[in-house]
Amino acid sequence: MSTQGCLMCEMEGAAEEVVIFRDELWACEILPGYEVPGWVVLRARRHAVGWTGLDEAELNSFGHRARAVDGALKRVTHAPATYVMIFGEAYPHFHALMVARGVDVPPERRTGDILKLRAEWADPARAHQLLPGLRAAYTDLAQAGDLDTIPTHWRSQR
Ligand SMILES: [Zn+2]
């Protein structure tokens, strides 16, 4: 299983400044090249390829992490819609692009077409300004919603 040239693996070395959270199984960050305000990536910490590459612990926790990230995006951006996109083609390492679709996104750029805004709407400074709020909202929502699903031996490390 090649991890060379895998952007999702490379994110393990990314600075804390881009991180919304990292736990034993999952990380959520702003990715270089995807710096549109309200766009984040939730990725498996290890090079797990596709849905079938996830182990039981990852499968059982993904929904809770995605729900908390989604809630954090909604809370911080007040976007009327949020999207979760999983392609697994450019980078088969399991990850989800999670996007807040703001009121300013025109109808012809909604749903799948929102990806066309990736370069045009990139604004790293504004994207990073959202991070403190996203971190706080994620922590709040994750603690409220999913600690029961995390094995006890992990809780002490959080
Ligand atoms: Zn990888």
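Here are some notes:
- Contacts under 6 angstrom Cβ, first residue in the range 5-24 being under 16 Å from ALA136 (Cβ atoms), partner more than 16 Å from the ligand (Cβ to nearest atom) and of a type in the set (Phe, Trp, Tyr), 6 or more apart: ILE20/TYR138; PHE21/TYR138
- Residues of the range 92-126 satisfying the condition of being loosely packed, with under 15 Cβ neighbours inside 10 Å and among the β-branched types (Val, Ile, Thr): VAL103, THR111
- Selection from the range 92-124 of residues that are among the hydrophobic types (A, V, I, L, M, F, W, C) and within 16 Å of the ligand (Cβ to nearest atom): PHE94, ALA96, LEU97
- Picking from residues in the range 2-50 that are assigned to a helix (DSSP H, G or I), over 13 Å from the mean Cα position of the chain (by Cα) and within 16 Å of the ligand (Cβ to nearest atom), the one that is nearest to MET85 (Cα to Cα) is LEU7.
- Residue check: ARG75 meets all listed conditions (1) of a type outside the set (Gly, Ala, Ser); (2) over 18 Å from ASP140 (Cα atoms); (3) in contact (Cβ under 8 Å) with a residue 60 or more places away in the chain but one, namely (2).
- Unmet criterion (only one of (1) surrounded by 14 or more Cβ atoms within 10 Å (Cβ to Cβ); (2) within 16 Å of the ligand (Cβ to nearest atom); (3) among the charged types (D, E, K, R)) for GLU89: (1)
- Residue that is nearest to the chain's Cα centre (by Cα), among those in the range 75-117 that are farther than 16 Å from VAL36 by Cβ and part of a helix (DSSP H, G or I): ARG75
- ALA27 vs. criteria in contact with a Ser or Thr (Cβ under 7 Å, 6 or more places away or on another chain) and either closer than 25 Å to ALA136 by Cβ or surrounded by fewer than 20 Cβ atoms within 10 Å (Cβ to Cβ) (or both): no
Taken together, the values in this text are just the output of simple stated rules run on the coordinates, not laboratory data. Fair warning: this is a prediction, and the values are worked out from it, not measured in the lab. Quick reminder, even Gly has a Cβ in these numbers, built from the backbone with ideal geometry, and neighbours come from all protein chains shown.
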